[in-house]
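Novice: The following block contains the structure, expressed as structure tokens.
Each value in this text was obtained by applying a stated rule to the coordinates, not by laboratory testing. The model shown is predicted, which means the values in this text are computed figures rather than measured ones. When we count neighbours, we look across all protein chains shown, and the Cβ atoms used for this are built from the backbone with ideal geometry, even at glycine.
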Amino acid sequence: MQAALAPRGNARTFLTHFVGGGLDDDRYVIQRYLSQADGDIVPVDANGARPKGRRRPHPVIATLKAVERMRPARDEIIIATGIKLRNCGVQLWGWRAIGIFVERRQKG
């Protein structure tokens, strides 16, 4: 049942969700997450590697043009939040991450 709800396609298939006013700011804070097969979503560094030990991954600052060019990997979630206007931004979900999102929504 879950496979029928998950989108089909290659790594270029992803979900874009605009938050608030969309992309209205000049600079954005970028946070990256990886979705795992067991349903967990873990934060990662900007280069895609998990931080060592107990360290937390640091967000990265990017311009509007860089945010518009971003494409998530199959199991990646990218969240871009405006710096000046906190109510604007975008979420980009890879196609495997969308499947985990659908599964969690079904469970409640």
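Novice: How long are the semi-axes of the equivalent ellipsoid of the stretch 11-101, defined as square roots of 5 times the Cα gyration tensor eigenvalues? Whole Å, largest first.
Specialist: 21, 16, 11
Novice: Just to verify a number: FRET efficiency for residue 52 and residue 19, C-beta to C-beta distance, R0 = 30 Å, to 0.05?
Specialist: 0.45
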